[in-house]
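Chemist: Before we start, here is the structure in question, set down as structure tokens.
Here, each number is a calculation from the coordinates, and none is a lab measurement. Just so it is clear, the structure is predicted and the values come from calculations on it, not from any experiment.
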Amino acid sequence: MRITLLLLGAVIAWGQQPSSADPVVITIGGEKVTKSQFEMILGSLPDQQQAAAASPEGRRQLAEQLAELKAMAVEARQRKLDQDPKIQVRSALQADQMLAGALFQALGNAKPDEARLKAYYAEHKQDWEEVKARHILIRMQGSRVPLRPDEKDLSDEEALAKTKELRAKIVAGGDFAALAKSDSDDVGSGANGGELGSFTKGRMVPEFEQTAFALKVGEVSEPVKTQFGYHLIQVQEHSSKAFDDVRGEVAEKIKPDLAKLGIEEVKKKTTIVYNEAYFGK
């Protein structure tokens, strides 16, 4: 487990005093790290690294890395490397980046008002549209769908021709469900008359999705080719989730927008001047 510990120097510099309730767990030269400080360091790591450090062996490895980092930092200061202008600039920039990241998260976590939530929902309502559909699949050579027993491996042209024949039968009054049971190479849905149930955008391959969401209820599509084969799609219902049902999802999706708006407000109240002779307009 190798962990990059960019913030540890700042963490250890806290003025917190050890106590019986918060004992020192690592001593590095003249520096002391208490239990609470070490656990805060651990809690700041990504989830995967936290999991790796959950065992006693993992915590010990993290402690060894911390000790190594701190010992090297002390030596670097003794050599006055911290006075190098390049190092000072990088350190200041890293600190600014961490603070800016913390502010971005705080701005995104601000509670949006009801009007903003509803406006976002109205503008992105298509994200919560769903269709209920059924299909018939005719596979062709190279399809990821396995051949059914005793089935001929159709060429692309043969698969397309068969799909067109099936569509003609359905348009002429044929039973879609019965044809799905007898002819569909999607044996899972075919056994249920081609039923796929309801699905939202992003659940199906793009070619299939684009056609399904564009179809009118009851309409049978022209053959739609995907990597699986040729599909005939019939939409049985169009619907959209109500705002109250997706309020939580909307609140999550709006966080980046709230953060960006907050950043714009910060920039508006901050005087920023660029040297046009240096940067140009």
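Chemist: How far is helix 156-171 tilted, in degrees, relative to the longest principal axis of the Cα atoms in the chain, given as a value from 0 to 90 rounded to the nearest 10?
Modeler: Helix 156-171 and the main axis of the chain meet at about 70 degrees.
Chemist: Shifting gears a bit: What's the Cα-based Rg to Rh of region 88-132, Rh via Kirkwood?
Modeler: 1.33
Chemist: Run a plain Debye calculation on region 128-240 (Cα atoms as equal point scatterers, no solvent) and give log10 I(q)/I(0) at q = 0.13, 0.14 Å⁻¹, rounded to two decimals, same order as the q list.
Modeler: -0.44, -0.51
Chemist: Related question: Please list the three semi-axes, largest first and in whole Å, of the ellipsoid equivalent to region 8-102, using sqrt of 5 times the eigenvalues of its alpha carbon gyration tensor.
Modeler: Gyration-tensor ellipsoid for region 8-102: 24, 18, 14 Å.
Chemist: As a test of understanding, state the convex hull volume per residue of region 81-181 from its alpha carbons, in Å³.
Modeler: With only Cα atoms used, region 81-181 gives 294 Å³ per residue.
Chemist: Using every Cα-Cα pair within region 186-281, state what percent have a distance larger than 24 Å.
Modeler: 52
Chemist: Between helix 85-108 and the chain, what is the angle of the helix's C-alpha long axis to the longest principal axis, kept within 0 to 90° and rounded to the nearest 10?
Modeler: The angle comes out near 50 degrees.
Chemist: If you line up the Cα atoms of the chain on their principal axes, what length do they span on each, largest first, in Å?
Modeler: Reported extents, whole Å, longest axis first: 87, 49, 46.
Chemist: Divide by every residue of the chain the summed helix terms, -39500 (n - 2.57) for each DSSP H run of at least 4, and state the resulting mean residue ellipticity at 222 nm, rounded to the nearest 500 deg cm²/dmol.
Modeler: It lands at -15500 deg cm²/dmol.
Chemist: I've got another one for you. Going by alpha carbons, how many degrees (0 to 90, nearest 10) lie between the helix axis of 114-123 and the longest principal axis of the chain?
Modeler: Compared with the principal axis, the helix lies near 40 degrees.
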